[in-house]
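Asks: Would you mind keeping the following structure in view while I ask a few things?
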Amino acid sequence: MKISDTRLQNFRRVLAEKKLRLTDIADLLSKAPAQVSAFGGKNPTKGIGDQIAREIERALHLHSGYLDMPYGLGEFNNATLLSHTGRKLPVMGSIAAGAWCEQEANFDPRDAEEWIDAPGPVGPRAFILRVEGMSMEPKFIEGDKIVIDPALEALPGHFVAAKRTSDQAATLKQLRQEGGEQYLFALNPDWPDRIIRMTEEWSICGRARWKISDL
């Protein structure tokens, strides 16, 4: 797929997820609706260039390069991700990850179990959560490494890292919504506390982006 097709596909998906119209994007970019329609409308007459792509990402609070990534590339499959960006991310268990989630916390690099290459473009606060326990089996098993990116918006249906205030520990769960309430859901049908209502006791650290598996 050409980069222009990838950007257009991602652009349309983000608009649908955020329930935005082309006129909303025009306002955010301070451009005429016709200009936005030319690259993002039903029948675009030109592709989304580098400059416009970065402007869209900034306006929608997406990390730089987000529109360039094929959607779902390596996302939650069992393949080892070989591509990298030259940037390394810390691998952490639940307690260290909980500390990392605090914006003002001073993170000691020695708290990371290891540092491994980021599989693709990620935000500045991205990290890798090592799964602990069996609550997310069979999709995620203990020891799996999950790239968590706080720069990505977490919506119902996404897998997220959530932190509990009482013990400052982070855990991987699926975010779900019923009516006006949001819940953290454990995939394992035998897990005793499968459904946790989102209260002040919990906060979302970031959205899960990739699963990195060792061969």
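Bear in mind these aren't lab numbers, they're just calculated from the coordinates by the rules spelled out. Every value quoted in this text rests on a predicted model; they were computed, and no experiment measured them. Because the Cβ atoms are built from the backbone with ideal geometry, glycine has one as well, and the counts that use them run over all protein chains shown.
Asks: Using the Kirkwood radius over Cα pairs, work out the Stokes-Einstein diffusion coefficient for the range 3-68 at 37 °C and 0.692 mPa s, in µm²/s as a whole number.
Replies: It comes out at roughly 284 µm²/s.
Asks: Using 1/(1 + (r/R0)^6) with R0 = 45 angstrom and r between the beta carbons of W191 and T45, what's the FRET efficiency to the nearest 0.05?
Replies: 0.30
Asks: Which three extents, in whole angstrom, do the alpha-carbon atoms of the range 101-215 cover along their principal axes, largest first?
Replies: If we take the Cα atoms of the range 101-215, the spans are 38, 35, 26 Å.
Asks: What order do you get for R197, R7 when you list them from fewest to most C-beta neighbours inside 10 Å?
Replies: If I rank by nearby Cβ atoms, fewest first, I get R197, R7.
Asks: Residues with amide H under 5 Å of K139's amide H, sequence separation 5 or more or different chain, H placed in the peptide plane at 1.01 Å from N; which?
Replies: none
Asks: Kindly write out, for the range 136-141 in residue order, the coupling ³J(HN,Hα) from the Karplus curve 6.51 cos²θ - 1.76 cosθ + 1.60 (θ = phi - 60°), rounded to whole Hz, with x marking Gly and Pro.
Replies: 10, 5, x, 5, 10, 10
Asks: Can you tell me how much longer the chain between R54 and D5 gets when fully stretched, taken as 0.36 nm per residue apart minus their C-alpha distance, in nm with one decimal?
Replies: 16.1 nm
Asks: Give me the percent of DSSP beta bridges within the chain that run antiparallel, rounded to the nearest 5.
Replies: 95 percent
Asks: Mind listing the phi-derived Karplus ³J(HN,Hα) values for the range 45-61, rounded to whole Hz, using 6.51, -1.76 and 1.60 with θ = phi - 60°, and x for any glycine or proline?
Replies: Values, residue by residue: 9, 8, x, 7, x, 4, 5, 5, 4, 5, 5, 4, 4, 5, 5, 9, 6 Hz.
Asks: At 222 nm, what helix-only mean residue ellipticity would the chain give, in deg cm²/dmol to the nearest 500, using -39500 (n - 2.57) for each DSSP H run of four or more? Intermediate values should be presented prior to the final figure.
Replies: Working: 5 runs with 49 residues, N = 215.
Dividing the helical sum by the residues of the chain leaves -6500 deg cm²/dmol.
Asks: Per-residue HN-Hα couplings for the range 185-190, Karplus 6.51 cos²θ - 1.76 cosθ + 1.60 at θ = phi - 60°, whole Hz, x for Gly and Pro?
Replies: 10, 8, 6, 5, x, 9
Asks: Please figure out what share of the DSSP beta bridges in the range 88-212 is antiparallel and state it in percent, rounded to the nearest 5. Each step should come with its number before you reach the end.
Replies: Values: 31 of 33 bridges.
Here the share of antiparallel DSSP bridges comes out near 95 percent.
Asks: Starting from the Kirkwood Rh over alpha-carbon pairs, what translational D in µm² s⁻¹ does the chain have by Stokes-Einstein at 20 °C and 1.002 mPa s? Don't jump to the answer; show the numbers that get you there.
Replies: Working: Rh = 18.5 Å.
Answer from the Stokes-Einstein relation: 116 µm²/s.
Asks: Amide H to amide H under 5 Å from C205: which residues, 5+ apart in sequence or cross-chain, H placed 1.01 Å off N in plane?
Replies: A161, A162, K163
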